[in-house]
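Asker: Dropping a structure here in structure tokens format, bear with me for questions.
The values are calculated or read from the model by the stated rules, or taken from the named source; none is laboratory data. These numbers were taken from a predicted model, which means no experiment stands behind them. Virtual Cβ from ideal backbone geometry, glycine too; neighbours counted across all protein chains shown.
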Amino acid sequence: MVEPKGNSTGSRPDQAQPHSGGEQTDGEIKRALVAAEDARAEATAAIRERDAMAAELRSGRGGRWRAEAVSLRAKLEEAETRLARLDAETLEGRLAAAEEPQTKVTALAEELRVANEELQAQGEELARANDALSRVNQELERRVVERTAELAEANAMLRASTDTMPHLVWSSRPGGAWHYANRRWTEYTGQTAEEAAGFGWLDPVHPEDRGPVLEAWRVAVACRELRVEHRLRGRDGSYERFETRGLPLRGRDGSSELWFGTSTNVEQARRGEAALRESEARFRDFAEATADVLWVVDAETRRLEYLSPAFEAVWGVPRAEVMDDLGRWAEMLHPEDRARVLEAFPTTLTGGRVDTEYRIVRPADGQVRWVRDLGFPVRDAKGRVRRVAGLARDVTARKEAEAAQRLLLRELNHRVKNTLASVQSIAAQTARGSEAADFRTAFQARLAALAAAHDLLTRQAWQGVPLAEVVHRTLAPHAGREAGADRVSAKGPGVWLRPEAAIALHLALHELATNAAKYGALSAPGGRVEVMWRTTSPGDLLEVHWRERGGPPVRPPARRGFGSRLLERGLALQFGAKAELSFASEGVEYRLRAPLSAGLGQTG
């Protein structure tokens, strides 16, 4: 019999197909395993990415979460699709159809089962990660909404605060291009924020200041700070000075994309500074021109802040010696006044005032000088004592004048008493030898003579008077001219009489002149009176000689009146002098010899 083709190998037809089909199934299984490994690797990578993203979200860095979440979802979907293709039932069906040894198929099936379980576990974990990412996404979106609302509220508060500030607030790009101006800018300049945008804000700037302002912006970009003073036009068209300052707001990368600044009105401050400088200049001009010593002490440090140049003229030492050491000033106080002065001045620190006089001892020459010092507190706006100031004046001349005045008053009091005693004596002596009708005339004449003596001394401040002036003043009413000849002559050296001696001699000469005018030489047309005086060497004795000639014959008086007693005994007793009054027939003569050292006077 003839055998059919294809069976010459002796193999059964039903055995060849399984072999060929087995090779095909084995290849598919290998490809499925490779695909499973790839899917498992991709799933593992997705899990790592999920873990990294979760860690990043937990640390607060979620900037790329949206894009990564989308990518992760895509990878998960692709892994699930590929897993679906590698369905375990399909693979098991193919393995069942294969004619490979059962152990290999079983092993492959087990591996596929394990791989499938792992993939299912990873899929579940990825699903849980997806749910977590979804929740994180929702939380982030909630936070973004809240943050956006907070930023909007903060922005509104910032604008409200800048609008209520007294300053002109603005923001700008580097170089000076504005993109914001607050309400105060509009209120002052009349320019809206839109009009000020860019470089529109330059319009209200004074034309002469625009160049310097732009130059300041160019410098600010390099030095990271803007500071410039300029004039700015207001709504009324007037210009006032403003100080503009700005600083950059740095970004995360260190770049400065925005500048913020303010423009502050400093017109009043500049005017105040100018007024203060002018006031200080006036103060210094006054302090340096006045003879008073102006001083200022810091109330807290107790150190001198200022001491005028007059200090050196009064105290006789350089200002530098006491500027840093008030103790040096205290050392120059008179020992008898130091404790009192140092106790008085601290009261100014509590708001009190001090007006005191004290003596200083000048170190240069040891001279003692009197100072009147007026100290007072200088308070701040809150009423606190910040400084103590004062004026010190040299009152030595006044003190000396007061001492002289006191001495003069004592002397005047003494002289008034003596004058009253003299008046009383004149009255008594005049009344003793006069009729009632003659008393008034004689008394008034003698009072007039006394007043004339006082007037003469008053002109010399009661310091004394020359004898020649006493003689000329007393005889002036009788020194008329007749036939070209003087009726009265006076001659002698310079002698300075003390007040008491001047009054006594004036009264004595008055008595002699009155008697001569009534009864003696001055009562006749050709009569003359000569008054001579001299001092003996070495000038300790004064001799005065009165002589009358050319009058009617003289007869001695029947009685001695006030004039005779004054001439013979009054001056002798007052000055320890020797007096001689003679009534010679040719004329009356009077001689007085008195020691100058006894209080009469001194040679001039």
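Asker: Are there any pairs with C-beta distances below 6 angstrom linking a residue in segment 340-366 that is loosely packed, with under 12 Cβ neighbours inside 10 Å to a residue that is at pLDDT 90 or above and assigned to a loop (DSSP other than H, G, I, E, B), with the two at least 6 apart or on different chains, and if so which?
Answerer: Pairs that qualify, where the first residue is loosely packed, with under 12 Cβ neighbours inside 10 Å and the partner is at pLDDT 90 or above and assigned to a loop (DSSP other than H, G, I, E, B), are ALA364/GLY316.
Asker: Residues that are assigned by TED's automatic domain parsing to the domain that holds ASP298, among the acidic types (Asp, Glu) and under 23 Å from GLU300 (Cβ atoms): does segment 364-382 have at least one?
Answerer: yes
Asker: Just one of (1) assigned to a strand (DSSP E or B); (2) among the hydroxyl-bearing types (Ser, Thr, Tyr); (3) modelled with pLDDT under 85 trips up SER279, so point out which.
Answerer: (1)
Asker: So, one more: Return the pairs, sorted by first residue and then second, in which the second residue is part of a loop (DSSP other than H, G, I, E, B), the first residue lies in segment 288-299 and is touching a residue at least 60 places away in the same chain (Cβ under 8 Å), the beta carbons are less than 8 Å apart, and the residues are 6+ apart or on different chains.
Answerer: That search, which allows pairs on different chains as well, returns ASP292/SER308; VAL293/SER308; LEU294/SER308; TRP295/SER308; VAL297/ARG303.
Asker: For segment 509-599, which fully contained strands (runs of 3 or more DSSP E) count at least 2 residues that are at pLDDT below 85, touching a strand residue (DSSP E or B) at 6+ places or on another chain (Cβ under 6 Å) and buried (at least 16 other Cβ atoms within 10 Å of the Cβ)? Let's see the steps before the verdict.
Answerer: Numbers: elements: 528-536, 541-549, 578-584, 587-595.
Output list is empty.
Asker: While we're looking at this one, here's another question. When you scan segment 325-343, how many residues do you find that are over 18 Å from GLY366 (Cα atoms) and either at pLDDT 90 or above or out of contact with any strand residue (DSSP E or B) (no Cβ under 8 Å at 6 or more places or on another chain) (or both)? Talk me through it step by step, then tell me what you get.
Answerer: In the first step, residues of segment 325-343 are kept if they are over 18 Å from GLY366 (Cα atoms); the result is 325-327, 339-343.
Those still in the list that are either at pLDDT 90 or above or out of contact with any strand residue (DSSP E or B) (no Cβ under 8 Å at 6 or more places or on another chain) (or both) too: 325, 327, 339-343.
Matching residues across segment 325-343 total 7.
Asker: Being closer than 16 Å to THR396 by Cα, outside any loop (DSSP other than H, G, I, E, B) and in contact (Cβ under 8 Å) with a residue 60 or more places away in the chain is true for just one of VAL378, VAL314. Which residue is that? Step through it out loud before you land on a result.
Answerer: On the way: VAL378 fails: closer than 16 Å to THR396 by Cα.
So the residue among VAL378, VAL314 that is closer than 16 Å to THR396 by Cα, outside any loop (DSSP other than H, G, I, E, B) and in contact (Cβ under 8 Å) with a residue 60 or more places away in the chain is VAL314.
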